[in-house]
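Novice: Got a structure for you, written out below as structure tokens; questions coming shortly.
The values are calculated or read from the model by the stated rules, or taken from the named source; none is laboratory data. Note that the structure is a prediction, hence the values are computed from the model and not measured. Because the Cβ atoms are built from the backbone with ideal geometry, glycine has one as well, and the counts that use them run over all protein chains shown. Note: accessible area is taken over every heavy atom of the protein model, side chains too, but ligands, DNA and RNA are not part of it. Shrake-Rupley method; radii C 1.70, N 1.55, O 1.52, S 1.80 Å.
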Amino acid sequence: DAGVTQSPTHLIKTRGQQVTLRCSPISGHKSVSWYQQVLGQGPQFIFQYYEKEERGRGNFPDRFSARQFPNYSSELNVNALLLGDSALYLCASRAPHFSMNTEAFFGQGTRLTVV
Amino acid sequence: QKEVEQNSGPLSVPEGAIASLNCTYSDRVSQSFFWYRQYSGKSPELIMSIYSNGDKEDGRFTAQLNKASQYVSLLIRDSQPSDSATYLCAVISRDGSGGSNYKLTFGKGTLLTVNP
């Protein structure tokens with residue numbers, strides 16, 4: 001089975017532009033979470049979706065939005081990009097049921113550079 | 001107080017030694033705890049999960065959990081140069097919305113270097 005897949009792997013954008021990142025979870029997983037990781041820090045929680053509903057939001061501005069599709073894939077959108085949005089964006093997939101005792105598996109990430 | 005705190009490191013150990021990585025967390029109702037390994041430029045890789053007090057062993061790795069002290073640790077026995085990476089402690093915690101939602105919260109990570 002394929003793991004979590006993210007696209008694109010690398011992206012360069014200009015300040016003020018908009019970006020869309022994509023994630024496909026492990027087959028059978030219904031929960032997808034998004035994280036931002038800047039250099040030297042641990043991943044920071046952005047959003048969690050389960051069964052196409054938002055089930056958690058981190059402390060990020062409204063420029064960040066996400067959605068989950070009927071096939072459980074997900075998109076993360078960031079508008080009006082700032083230099084500080086440059087980071088590794090990670091998508092995590094969790095087991096079919098929404099439970100605290102489930103493990104999260106990460107995709108390879110999207111490296112976003114804002115210039 | 002930060003939700004998940006780890007030794008800032010870097011931690012340097014000789015090959016064959018035991019590496020000890022520590023983590024404390026602030027949310028007393030947390031139930032699930034994880035250790036991830038992250039090589040430079042790569043994404044986090046799950047290496048251990050632990051849900052009950054005590055020790056859990058998997059090969060050269062042992063996770064230890066003490067919920068009363070809000071403390072979780074990872075021991076790596078017979079450390080190898082290939083173990084050199086950043087180790088992230090992660091805890092399931094409430095997302096602060098007051099509902100049933102939760103999130104996976106990470107520490108900053110501890111950089112481990114195993115010297116040949």
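Novice: Going by what's in this entry, would A:Leu81 be described as more than 29 Å from B:Trp35 (Cβ to Cβ), in contact with a Ser or Thr (Cβ under 9 Å, 6 or more places away or on another chain) and not in a loop (DSSP other than H, G, I, E, B)?
Specialist: no
Novice: Related question: Select the strands (runs of 3 or more DSSP E) contained entirely in the stretch B:39-116, then report the ones holding at least 1 residues which are open to solvent by 50 Å² or more (accessible area, probe 1.4 Å) and touching a residue at least 40 places away in the same chain (Cβ under 8 Å).
Specialist: Because the criterion is at least 1 residues that are open to solvent by 50 Å² or more (accessible area, probe 1.4 Å) and touching a residue at least 40 places away in the same chain (Cβ under 8 Å), the strands (runs of 3 or more DSSP E) in the stretch B:39-116 that meet it are B:71-76, B:85-94, B:110-115.
Novice: Moving to a separate point now. From the residues in the stretch B:15-37 that are open to solvent by 20 Å² or more (accessible area, probe 1.4 Å) and within 12 Å of another protein chain (Cβ to nearest Cβ), which one is farthest from A:Gly42 (Cα to Cα)?
Specialist: Per the criteria, the residue is B:Val29.
Novice: Quick check on my filter: what residues within the stretch A:1-45 are among the hydrophobic types (A, V, I, L, M, F, W, C), touching a Ser or Thr at 6+ places or on another chain (Cβ under 8 Å) and within 25 Å of A:Pro61 (Cβ to Cβ)?
Specialist: Passing the criteria: A:Leu11, A:Ile12, A:Leu21, A:Cys23, A:Val32, A:Trp34, A:Val38, A:Phe45.
Novice: Evaluate the following for A:Thr113: is it within 12 Å of another protein chain (Cβ to nearest Cβ), out of contact with any helix residue (DSSP H, G or I) (no Cβ under 6 Å at 6 or more places or on another chain), farther than 27 Å from B:Asp27 by Cα and open to solvent by 20 Å² or more (accessible area, probe 1.4 Å)?
Specialist: no
Novice: Tell me the residue from A:Val78, A:Val38 that is surrounded by 17 or more Cβ atoms within 10 Å (Cβ to Cβ) and of a type in the set (Val, Ile, Thr), please.
Specialist: None of the others qualify; the one that does is A:Val78.
Novice: State which residue is farthest from A:Leu82 (Cα to Cα) when the search covers only the stretch A:41-55 and only residues that are open to solvent by 60 Å² or more (accessible area, probe 1.4 Å) and outside any loop (DSSP other than H, G, I, E, B).
Specialist: Ranking the candidates gives A:Glu53 first.
Novice: Among the numbered criteria (1) open to solvent by 50 Å² or more (accessible area, probe 1.4 Å); (2) touching a residue at least 40 places away in the same chain (Cβ under 8 Å); (3) more than 14 Å from the chain's Cα centre (by Cα), which single criterion is violated by A:Gly28?
Specialist: Status for A:Gly28: all satisfied but (1).
Novice: Which of the residues belonging to the stretch A:56-70 are within 11 Å of another protein chain (Cβ to nearest Cβ) and surrounded by 21 or more Cβ atoms within 10 Å (Cβ to Cβ)? Reasoning before the result, please.
Specialist: Taking the stretch A:56-70 as the starting set, the residues that turn out to be within 11 Å of another protein chain (Cβ to nearest Cβ) are A:56-59.
Passing the criteria: only A:Gly56.
Novice: Please go through the stretch B:1-14 and give me each residue that is out of contact with any Leu (no Cβ under 8 Å at 6 or more places or on another chain) and surrounded by 14 or more Cβ atoms within 10 Å (Cβ to Cβ), ordered by number.
Specialist: B:Glu3, B:Val4, B:Glu5
Novice: Still on this model: Which of the numbered conditions does A:Gly42 fail, given that it passes all the others? Conditions: (1) in contact (Cβ under 8 Å) with a residue 60 or more places away in the chain; (2) of a type outside the set (Phe, Trp, Tyr); (3) in contact with a Cys (Cβ under 9 Å, 6 or more places away or on another chain); (4) at the interface with another protein chain (Cβ under 8 Å from one of its Cβ atoms).
Specialist: (1)
Novice: Okay, next question. Which condition number does B:Thr86 fail, the rest of (1) at pLDDT below 95; (2) facing chain A (nearest Cβ under 10 Å) being met?
Specialist: Failing condition for B:Thr86: (1).
Novice: Taking only the stretch A:56-68 into account, find how many residues are part of a loop (DSSP other than H, G, I, E, B) and either farther than 19 Å from A:Ala87 by Cβ or of a type in the set (A, V, I, L, M, F, W, C) (or both).
Specialist: 1
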